[in-house]
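Novice: Have a look at the structure that comes next, please.
The values are calculated or read from the model by the stated rules, or taken from the named source; none is laboratory data. Note that the structure is predicted; figures quoted are calculated from it, not measured. Heads up, the Cβs are rebuilt from the backbone with ideal geometry, glycines too, and the neighbour counts pull from every protein chain shown.
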Amino acid sequence: MHLSRDTWEQIKAGYAAGIGLREIARKMNVPEGTVLARAKRERWTQQIHAAKQAAALTQSNAITPLQSIAAVTHERGERYRERMAGVSERLVGHIEAMCPDEILTRSAQFEKIDTIARRTFGLNEAASGQGTLTLSVLTNHAIVQVKAQIPASSA
């Protein structure tokens, strides 16, 4: 049976997409033996496997989801540090004008907010200029913990 080049490309594309050769043959009204023989002769399985491996290698250079989460968390932590530094600079003048008892009351509130945020971003656990992400995930009744180091950003 003679099939056009386009038809064979469609059959091969369907096979690469995960559809079985016999199913493709039935749906396209082509004898199964013809499709199976061509796929074997042209080594479609090996070609598709090699293409998938090449795609996986290309993707391995991309950032992983864990790296993305770690980078975003690190950036948020850095933004928080900058914001808190700005807030503390603006508060210094106001605090100096307060009476001593009021200073103690307000500084305790400020310290609580800072402590909560530092715990949230894990800023107390890392060395200066370095971030750490600890991610705990509950899967099928087991806890999986992942720790990632974030390289210090170049300033």
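Novice: Just to be sure I understand, how many residues within the range 69-99 are assigned to a helix (DSSP H, G or I) and at pLDDT 80 or above?
Specialist: The total comes to 15.
Novice: For the subset of the range 1-16 comprising residues that are among the aliphatic types (A, V, I, L, M) and surrounded by 12 or more Cβ atoms within 10 Å (Cβ to Cβ), which member is nearest to K27 (Cα to Cα)?
Specialist: I11
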